[in-house]
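Below is one structure, written out as structure tokens, with a few remarks after it.
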Amino acid sequence: MPDIDTRATSAPEGAPVDDPIIRIVDLHKSFGETDVLRGISLDIRRGEVVVVLGPSGSGKSTLLRCLNRLEEPTGGQIVFEGEDITAPKADVNKIRERMGMVFQQFNLFPHLDAVHNVMLAQTKVLKRSAADAKRIAIEQLERVGLGDRTDYYPDELSGGQQQRVAIARALAMEPHVMLFDEATSALDPELVRGVLDVMRELAHGGMTMIVVTHEMGFARDVADRVIFMDGGVIVEQGAPEEVFEHPKSERTRAFLGEVNLK
Ligand SMILES: Nc1ncnc2c1ncn2[C@@H]1O[C@H](COP(=O)(O)OP(=O)(O)OP(=O)(O)O)[C@@H](O)[C@H]1O
Ligand SMILES: [Mg+2]
């Protein structure tokens, strides 16, 4: 459940918060000579919905991938629920159980129907019994509006439905945080809405979410905070109305201008 008090704080956006669910301190990531993340510091409150915006190549995906250790940071620290997950002894698998991720590509197993796609990690990773995993899979598929599609195979589902199966698969692991990396970017326009509605429901249910998206309407309506990244740093952040209506940085203004012309 969201902690209403911490969400209602009047501290300036970006200021350190008490007991953040995620604390990122001076995060750096380089690929060879290329510095992709150049000192990201960010506290995320429990129940907060943070939308990350920025031009292509600004490091948004790299940031999310560092958070669940799909990428190895080259510097800095990430503390997740009090545990330093950048420490050498950190258990990457345990971290990923608590941090669900949804990508642009759904990556469902084509030979498994929806319910078995959602069951797989539950039985393999969490060692749930098949019966428990199935019950939870059906619950989660119902939650994303696919209660009537549980025995459909991926190629019998629309892109939007497949993405909702991918979300149900992540939710079945009972994550404490959900990361979304352009979850709707591969979808035909008419299918985007169903996925955004599921994400909106999740947000209203109190899930902590970090969302990379180009859906400005979603950012405006759902985000507690919008972060604008460029060149591997956070250029600006604030409440959505603040960032959209009164962007402080020239780079943010230019980016929003371009996005709105599309
Ligand atoms: N595995 C890799 N090896 C080398 N360079 C990489 C690698 N992954 C990402 N990069 C580089 O890091 C930079 C940031 O990439 P990233 O994917 O994080 O950007 P992004 O903000 O998510 O962009 P987009 O909006 O296009 O998805 C890019 O210049 C990219 O070429
Ligand atoms: Mg990306």
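The values are calculated or read from the model by the stated rules, or taken from the named source; none is laboratory data. Bear in mind the structure is a predicted one, so any value in this text is a computation, not a measurement. Here the Cβ positions follow ideal geometry from the backbone for every residue, glycine too, while neighbour counts run over all protein chains shown. The area values use the complete protein model at the heavy-atom level, side chains included, leaving out ligands, DNA and RNA. Shrake-Rupley method; radii C 1.70, N 1.55, O 1.52, S 1.80 Å.
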Among the residues of region 165-183, write down those that are open to solvent by less than 10 Å² (accessible area, probe 1.4 Å) and within 16 Å of ligand 1 (Cβ to nearest atom).
-> Leu179, Phe180, Ala183
In region 224-239, residue farthest from ligand 2 (Cβ to nearest atom) [restricted to those that are open to solvent by 10 Å² or more (accessible area, probe 1.4 Å) and not polar (S, T, N, Q)] = Ala239
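Among what's in region 40-86 and is among the hydrophobic types (A, V, I, L, M, F, W, C) and within 10 Å of ligand 2 (Cβ to nearest atom), pick the residue that is farthest from Gly205 (Cα to Cα).
Residue satisfying both the conditions and the ranking: Leu63.
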Test set (1) part of a loop (DSSP other than H, G, I, E, B); (2) within 21 Å of Val211 (Cα to Cα) - Lys127 fails condition number = (2)
When every residue in region 184-204 that is open to solvent by 30 Å² or more (accessible area, probe 1.4 Å) and within 16 Å of ligand 1 (Cβ to nearest atom) is compared, the one farthest from Asp224 (Cα to Cα) is Ala186
